[in-house]
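Q: This is the structure I have questions about; it appears just below.
The values are calculated or read from the model by the stated rules, or taken from the named source; none is laboratory data. Bear in mind the structure is a predicted one, so any value in this text is a computation, not a measurement. Positions of Cβ are backbone-derived with ideal geometry, glycine not excepted, and every protein chain shown enters the neighbour counts.
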Amino acid sequence: MAKARSLDLKDYEEGAPFDGDYDAELKKLQDRLSKLQVAHKLSLRKTMIAFEGWDAAGKGGAIQRLTATWDPRNYEVWPIAAPSFEEKSRHFLWRFWKALPIAGDIAVFDRSWYGRVLVEWVEGYIDANLRKRAFDEINEFEAQQRADGVLTIKIFLHVRADEQDKRLSARLEHKWKRWKITRDDFRNRARRDDYLTAMRDMFAETNTRWAPWHIVDGNDKKAARLAVLRIVAEQLERFVPSEPPPMDEDFLRYARTQLNGEKKPEAE
C-alpha cells in the first residue's frame, strides 16, 4: 500500500489570522456545506470525518461550526474517550465499526481510532509489535471503507506549545470552561516531545492515497475553523453529485394536481 507525501507539523505553525470578514465567510461556507449535506443524503453516500489534534487545539469549536447548519437526522458526532472495559475486551476497532455511517449519513469522530498509535503507544499500553500491527490494521480498515464507498476525511489540528499553554490557562481562569481541563491534559503536555515523535510516525505510516491527512494550522482559531470547513466542503464536492436526482414524473404530476386543487385522477 503506497503512502502519500510525508508531512511535517513545523509547516503548520504560522498562525496567520484570517484576512477578511470572518462572519461572512463562515456563513458562506456553512451554506455551502448545508447544500452538500442534502446532496450527500439524496445520493445515499457515506462519509466519516475523523478529528485529531492537541488538547485545546480547537477540535470541538471546529466541529460545532461544521455541523451548525446540518440536518441532525443525517449526521452524528462521536466523542471518543478512553475505552470502556467492554471495549478494551475486544479489538480496538470494534467500537468504530459500530459507529460507521449508514447510507446518506455522515459520522464525525472527535478523536478516533488513532488513539491506538498515539496515547496508547505513548503511555505504554501497547508495545512496538502491537503498534506496528495497529498501523497495518488502520490502513486496512480505511481501505475497506473506501472499497465500501465510504469517504474518509482525516483532519489534524496543530498548535504550538506556547499557544496551547495560553489556551489551557484561559480555560483554567474561565469558570464555565474549567471543566474542560483534566490532569490528562497536563500529563500529555509534559510528554509533548513523545507525542510529536508518535505523530510523525503516524503521518508517515497512514497518510495514504485512499485516506490522506489534512493538517490545519490551528494557532489562530478563526482561520483554523474556516480551513476545516473548507477542507470538508472541497472533499464532499468531489464525492457527491453536483445535480439533484430527477423527480419521479408520475409523483410530480400527482403532487401538482393536489396543490392546484384539480380533480384527482380516477383510480384504475
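Q: So is ARG209 more than 19 Å from ALA134 (Cβ to Cβ), in contact with a strand residue (DSSP E or B) (Cβ under 9 Å, 6 or more places away or on another chain) and either loosely packed, with under 14 Cβ neighbours inside 10 Å or at pLDDT 95 or above (or both) or not?
A: When the stated conditions are applied, ARG209 passes them.
Q: Residues to consider are LEU9, LEU26, LEU36; find the one that is touching a His at 6+ places or on another chain (Cβ under 7 Å), at negative phi and crowded, with 17+ Cβ neighbours inside 10 Å.
A: LEU9
Q: Helices (runs of 4 or more DSSP H) wholly in the stretch 85-131 with at least 1 residues that are in contact (Cβ under 8 Å) with a residue 60 or more places away in the chain and within 16 Å of THR206 (Cα to Cα) - which ones?
A: 119-122
Q: Let me ask something else. Which residue, of GLU120, GLU140, is under 23 Å from the mean Cα position of the chain (by Cα), buried (at least 17 other Cβ atoms within 10 Å of the Cβ) and not polar (S, T, N, Q)?
A: GLU120
Q: Oh, and also: Would you confirm whether any residue within the stretch 88-95 is aliphatic (A, V, I, L, M) and either closer than 18 Å to ARG146 by Cα or at pLDDT below 95 (or both)?
A: Yes: one or more hits.
Q: Now, a different point. Among (1) surrounded by fewer than 20 Cβ atoms within 10 Å (Cβ to Cβ); (2) within 28 Å of LEU236 (Cα to Cα); (3) among the aromatic types (Phe, Trp, Tyr), which single condition is TYR125 missing?
A: (2)
Q: Go through the residues of the stretch 132-142 one by one and say whether even a single one is modelled with pLDDT of 95 or more, on the phi < 0 side of the Ramachandran plot, of a type in the set (D, E, K, R) and not in a helix (DSSP H, G or I).
A: Within the stretch 132-142 (the criterion being modelled with pLDDT of 95 or more, on the phi < 0 side of the Ramachandran plot, of a type in the set (D, E, K, R) and not in a helix (DSSP H, G or I)), the answer is no, since none of the residues qualifies.
Q: I'm trying to understand the selection: among the residues of the stretch 115-137, which are out of contact with any helix residue (DSSP H, G or I) (no Cβ under 6 Å at 6 or more places or on another chain) and under 28 Å from ALA224 (Cα atoms)?
A: GLY115, VAL119, GLU120
Q: Just give me the residues in the stretch 51-79 being in a loop (DSSP other than H, G, I, E, B), on the phi < 0 side of the Ramachandran plot and touching a strand residue (DSSP E or B) at 6+ places or on another chain (Cβ under 6 Å), in sequence order.
A: Residue satisfying the conditions is ALA57 alone.
Q: Tell me, please, whether a residue that is in contact with a Ser or Thr (Cβ under 6 Å, 6 or more places away or on another chain) and modelled with pLDDT of 90 or more can be found in the stretch 217-239.
A: Among the residues of the stretch 217-239, not one is in contact with a Ser or Thr (Cβ under 6 Å, 6 or more places away or on another chain) and modelled with pLDDT of 90 or more, which makes the answer no.
Q: For the stretch 171-208, which residues satisfy the criterion of being over 28 Å from ASP8 (Cβ atoms), of a type outside the set (D, E, K, R) and in a helix (DSSP H, G or I)?
A: Those that are over 28 Å from ASP8 (Cβ atoms), of a type outside the set (D, E, K, R) and in a helix (DSSP H, G or I): LEU172, TRP179.
Q: Only residues that are touching a His at 6+ places or on another chain (Cβ under 9 Å) and of a type in the set (S, T, N, Q): list them for the stretch 57-83, please.
A: Within the stretch 57-83, ASN74 is the sole residue that qualifies.
Q: Is there a residue being assigned to a helix (DSSP H, G or I), within 18 Å of VAL216 (Cα to Cα) and polar (S, T, N, Q) anywhere in the stretch 36-50?
A: Within the stretch 36-50, none of the residues are assigned to a helix (DSSP H, G or I), within 18 Å of VAL216 (Cα to Cα) and polar (S, T, N, Q).
Q: Within the stretch 133-164, which residues are free of Cβ contacts under 8 Å to residues at least 40 places away in the same chain and touching an Asp or Glu at 6+ places or on another chain (Cβ under 9 Å)?
A: Selection gives ASP136 alone.
Q: Moving on. If a residue must be over 23 Å from PRO79 (Cα atoms) and exposed (fewer than 13 other Cβ atoms within 10 Å of the Cβ), how many such residues does the stretch 174-195 contain?
A: Final tally of qualifying residues: 2.
Q: Oh, and also: Going by what's in this entry, would ARG167 be described as closer than 25 Å to GLY20 by Cα, touching a residue at least 12 places away in the same chain (Cβ under 8 Å), in a helix (DSSP H, G or I) and within 25 Å of the chain's Cα centre (by Cα)?
A: Considered against the rule, which asks whether it is closer than 25 Å to GLY20 by Cα, touching a residue at least 12 places away in the same chain (Cβ under 8 Å), in a helix (DSSP H, G or I) and within 25 Å of the chain's Cα centre (by Cα), ARG167 comes out as yes.
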